[in-house]
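Visitor: Sharing a structure with you now.
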Amino acid sequence: PFSHEVLEDPLPFQAALRDAGPVVHLDRYGIYAMGRYEHVHAALTNWQGFPSGAGVGMSNWRHEEPWRPPSLLLETDPPHHDAPRAVLEPILSPRALRLLRERWFADAEDLVDTVLTGAGDTVELDAMAELAETFPLRVFPDAVGLGRDGRENLLPYGNHLFNAFGPDNDLVAQGAGRIGELSAWVNAQCARETLSPDGFGARIWEAADRADITPEQAPLIVRSLLSAGVDTTVHGLGACLHAMATHPEQWQRLRDDPGLARIAFDEAVRWESPVQTFFRVAEDDIVVGGTLVPRDDKILMFLGSANRDPRRWEHPDSFDLSRDPSGHVGFGMGLHQCVGQHVARLEAEALLTALARRVGRIELAGTPRRHHNNTMRAWGALPVRLTRA
Ligand code: OVM
């Protein structure tokens, strides 16, 4: 699954994986894998049987040292997991985000106006560089409370982090040279003194003042925002823009009813699954669909494959705003389900609404280029032509 051929187009591999059985052994890596919705969903909601504390990447921290101090959210189990989760949840809740909504909508309109200025009826641009990356990088670091300098470190840091969940391959080697410097910058942004007093980061530190978490936990929880909050959203937006550029009738539907923006984003998260995979470990010997997964073995869960499992979805490969995408596992499922999903949806809603108002047509203006990552399904370049409404 981590070969460049599969990263370029994972769908044939995933279909073969699902058809091979509920659980498959990948001899090459000595791991198990699940590709069907039913079993992926069941494993994600069984944290006792398939915990995260041994890491959610390929290496097993019961036997190997983690490359960075583990995340207090992603890579822990109850009871340790629960206080950090309880602190972060209200900070990123739909209710808390109401304060950001107007500003983000205005920022999105501003960005779309800027990309459309100057040209005539149509503009050609790289929708990754100019929209999918620019918008999250404009609004999210401000919302966390980061300073101006060094924001260009966020995407390469996240890119390496998501590669590091996979095997120790060429993609990990490519990022290894800079990761010391990138980690040092990210860690420095998590200190109370570095954060502005009005962002998500400051709210996390206030939880330490109330003793809901310890002062040692606070910076690591801020680190989770910077780790999980940028690349994921960028590639979710990229997936959505690519889907729209290749499905003109769906773009028209969104233009007719911009209230579909959130459905459109969730359908894109289902269809493309920007986070393709996460591992768990078997707590005990466990039989899944008739196959024994031995205690302590790692098991790879294909969120992307579950989201296209024909056993669960009608016409799973079609991108369709008339379906109900809820229940997709693109944000995970169970107690680790993405705590930032409301932030991602708000970013998407703001950008898609601004685009739907001003852009009559979005179409490919060249061949898009994939960006290969061990965990993320991503575009590196997405040349599009926008026609003014
Ligand atoms: C974290 C973290 C890092 C990467 C991904 C993620 C998708 C979380 O540091 O907590 O969730």
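Visitor: Restricting to DSSP H runs of at least four residues, report the calculated mean residue ellipticity at 222 nm for the chain, -39500 (n - 2.57) per run over all residues, nearest 500 deg cm²/dmol.
Guide: Calculated mean residue ellipticity at 222 nm is -14500 deg cm²/dmol.
Visitor: Given a 1.4 angstrom probe, I'd like the percentage of the accessible area of region 259-389 that is carbon and sulfur, rounded to a whole number.
Guide: Summing carbon and sulfur atoms, their accessible area is 49 percent of the total for region 259-389.
Visitor: Under 11 Å from the Cβ of Glu349, count the other residues' Cβ atoms, weight Lys and Arg +1, Asp and Glu -1, and hand me the total.
Guide: For residues surrounding Glu349, the net value is +1.
Visitor: Quick check for me: using +1 on Lys/Arg Cβ and -1 on Asp/Glu Cβ, what's the dipole size of the chain about its Cα centre, in debye to the nearest 20?
Guide: 420
Visitor: Go through Ala228, Phe265, His336 and say which Cα lies farthest out towards the positive end of the charge dipole of region 209-338; charges sit on Cβ, +1 for Lys and Arg, -1 for Asp and Glu.
Guide: Phe265
Visitor: Okay, moving on. Taking the Cα centre of region 63-203 as origin, work out the dipole magnitude from +1 charges on Lys and Arg Cβ and -1 charges on Asp and Glu Cβ, in debye rounded to 20.
Guide: Dipole size: approximately 640 debye.
Visitor: Enumerate the amide H contacts of Trp379 below 5 Å, restricted to partners 5 or more residues apart or on another chain; note that Pro and chain-start residues carry no placed amide H.
Guide: HN-HN under 5 Å from Trp379: His371.
Visitor: Of Thr76, Thr214, Thr232, which has the largest mean-square fluctuation in a 10 Å C-alpha GNM of the chain?
Guide: Among Thr76, Thr214, Thr232, the largest GNM mean-square fluctuation belongs to Thr214.
Visitor: Shifting gears a bit: Counting heavy atoms of the protein chains only and a 1.4 Å probe, report the per residue accessible area for the chain as a whole number of Å².
Guide: 41
Visitor: In whole Å, what is the distance between the alpha-carbon centres of region 42-100 and region 228-250?
Guide: Going from one Cα centre to the other spans 25 Å.
Visitor: Here's something else I'd like to know. Provide, for q = 0.24, 0.26 Å⁻¹, the log10 of I(q)/I(0) from a solvent-free Debye sum over equal Cα point scatterers in region 289-377.
Guide: -1.42, -1.36
Visitor: With the cut-off at 1.5 for a/c, could you classify region 222-347 from its C-alpha gyration tensor as rounded, prolate or oblate?
Guide: It comes out oblate by the Cα gyration axes.
Visitor: Let a ≥ b ≥ c be the square roots of the eigenvalues of the Cα gyration tensor of region 61-204; is it rounded (a/c under 1.5), or, if not, prolate (a/b larger than b/c) or oblate?
Guide: oblate
Visitor: Still on this model: What does the chain give for Rg and for Dmax, in Å, if only its C-alpha atoms count?
Guide: 20.4, 64
Visitor: Quick one: dipole size for region 142-187, taken about the Cα centre, charges +1 on Lys/Arg Cβ and -1 on Asp/Glu Cβ, in debye to the nearest 20.
Guide: Using Cβ point charges on Lys, Arg, Asp and Glu, region 142-187 gives about 80 debye.
Visitor: Right, something else. Which one, Ala106, Val288, Thr277, is farthest towards the positive end of the dipole of the chain when Lys and Arg carry +1 and Asp and Glu -1 on their Cβ?
Guide: Value: Ala106.
Visitor: Find which of Gly180, Thr76, Ser93 sits farthest along the positive direction of the dipole of the chain, computed with +1 on the beta-carbon of Lys and Arg, -1 on that of Asp and Glu, about the Cα centre.
Guide: Among Gly180, Thr76, Ser93, the one farthest towards the positive end of the dipole of the chain is Ser93.
The values are calculated or read from the model by the stated rules, or taken from the named source; none is laboratory data. Quantities reported herein were computed from a predicted structural model and do not represent experimental measurements. Don't worry about glycine lacking a Cβ; one is built from the backbone with ideal geometry, like all the others, and counts go over all protein chains shown. Keep in mind that these areas ignore ligands, DNA and RNA; they rest on the heavy atoms of the full protein, side chains included. Shrake-Rupley method; radii C 1.70, N 1.55, O 1.52, S 1.80 Å.
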